[in-house]
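Right, one structure below, let's go through it.
The values are calculated or read from the model by the stated rules, or taken from the named source; none is laboratory data. Just so it is clear, the structure is predicted and the values come from calculations on it, not from any experiment. In this analysis, Cβ positions are derived from the backbone assuming ideal geometry, glycine residues included, and neighbour counts consider all displayed protein chains.
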Amino acid sequence: MADTGANPNSGNESDEENRKVKKLKGEPKGDRGENGEETNLSDFKPTSVLRDSARDKTIFVHGELKEQPAVVVLEKTPFGEDTLTEMFKGAKTNLEVKNDIYSTYVFQPPAHLNEIKATVVCPATEAHVQKYQRKEIIMVEETEDDYKNITLPYITSKGLSVTWVYNILEKKAEKERIIFEDSDKELGFVLLPDFKWDQKQVDDLYLIAIVHKRDIKSLRDLTPDHVQLLQNIYQKGTDAIVQRYGLPTNKLRVYVLYQPSYYHFHVHFNALSYEVPGSGVERAHLLQDIIQNLKSNPQYYKTRTLLFPMRTDDELISMYKAAGRL
Ligand code: M7G
């Protein structure tokens with residue numbers, strides 16, 4: 001296991017230790033991936049906005065990077081409690097409006113406390129562009145037969161590449177970011193920060209556990225044979241998070257998405273206080289519920305009708321329509 005850092009759950013932690021947990025700067029930031037190249041985003045030529053959200057402070061931009069199609073996601077990052085003093089001290093402030101006891105300002109903190117997180121997909125496929133575009137969403141009811149006849153053939157032929165997952169498992173990328181690993185072939189997994197988390201504060205903690213086994217595509221493939229694997233992920237994953245970040249298990253949301261974007265089995269771990277877009281009841285299945293369902297009905301995920309949200313322009317929807325199921 002990687003360096004466990006401060007552990008405020010040990011019972012005798014000091015304020016200093018607590019601050020270390022809260023402030024996660026100086027944590028390993030990651031590596032340069034399998035190609036050792038770093039992208040210079042000043043070369044990015046935006047062509048269209050796929051989606052944006054004033055509430056989430058994000059924008060998904062389609063464009064070109066070194067003559068290749070690319071998607072860049074920009075996201076304003078949360079405030080760090082521990083940097084507030086420095087932020088106020090170093091900021092420029094320009095008054096906009098003053099009225100009685102009320103006033104508004106343009107507030108410009110020092111650049112290093114005013115960062116934007118950028119996620120780049122390059123070269124981006126048409127499937128990536130579609131994934132990020134805002135479109136109408138509907139619920140799909142998938143029976144056992146629908147899965148076999150429609151969804152499974154679709155996943156097999158059209159699913160997004162999982163090369164990035166294999167790169168992590170084979171230590172070709174993000175090696176330095178691994179928080180915990182159980183290397184057992186059957187029960188093992190790698191736990192690391194999700195791309196969505198900048199690791200600067202635990203308030204929006206987001207990790208993923210990726211299993212070493214390569215034959216579980218999604219929730220649908222789970223049987224009681226996997227209960228031990230799931231329990232192992234829950235136990236060791238939550239233990240590692242308490243150890244490293246001081247976030248106790250009852251402050252975590254641990255779940256699996258159906259349908260996932262990537263068909264190699266993985267589990268999401270979020271800080272409970274962080275409302276993650278896409279983790280709503282229509283798509284997220286709590287890991288502990290999954291374990292109980294498999295124990296009470298071994299055929300649960302093979303036979304149950306599962307519901308999931310899907311964009312109306314998704315090819316899977318056309319396949320459901322062609323089969324007369326929508
Ligand atoms: P998912 O359940 O397939 O669905 O999750 P979603 O992508 O629609 O949420 C895959 C998770 O892997 C997401 O939370 C992504 O942010 C994360 N992710 C995707 N990629 C390509 C990477 C990557 O290269 N590295 C890491 N660390 N996380 C990734």
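Meeting the requirement of 1 or more residues that are in contact with a Lys or Arg (Cβ under 7 Å, 6 or more places away or on another chain), the strands (runs of 3 or more DSSP E) wholly within segment 74-146 are 102-108, 116-121, 137-142. Only residues that are more than 22 Å from the chain's Cα centre (by Cα) and loosely packed, with under 12 Cβ neighbours inside 10 Å were counted across segment 267-298, and they come to 2. Within segment 103-137, being out of contact with any strand residue (DSSP E or B) (no Cβ under 6 Å at 6 or more places or on another chain), in contact (Cβ under 8 Å) with a residue 12 or more places away in the chain, surrounded by fewer than 12 Cβ atoms within 10 Å (Cβ to Cβ) and of a type in the set (A, V, I, L, M) holds for no residue. Against the criterion of being in a helix (DSSP H, G or I), closer than 15 Å to V211 by Cβ and out of contact with any Gly (no Cβ under 7 Å at 6 or more places or on another chain), Q235 qualifies.
Please count how many residues of segment 246-261 are modelled with pLDDT of 95 or more and either in contact with a strand residue (DSSP E or B) (Cβ under 9 Å, 6 or more places away or on another chain) or within 16 Å of the ligand (Cβ to nearest atom) (or both). Total meeting the criteria: 11. When segment 144-183 is limited to residues that are more than 13 Å from Y320 (Cα to Cα) and of a type in the set (D, E), the one that is nearest to the ligand (Cβ to nearest atom) turns out to be E174. Here K98 meets each of (1) surrounded by 13 or more Cβ atoms within 10 Å (Cβ to Cβ); (2) more than 30 Å from V61 (Cβ to Cβ); (3) touching a strand residue (DSSP E or B) at 6+ places or on another chain (Cβ under 9 Å) with one exception, condition (1).
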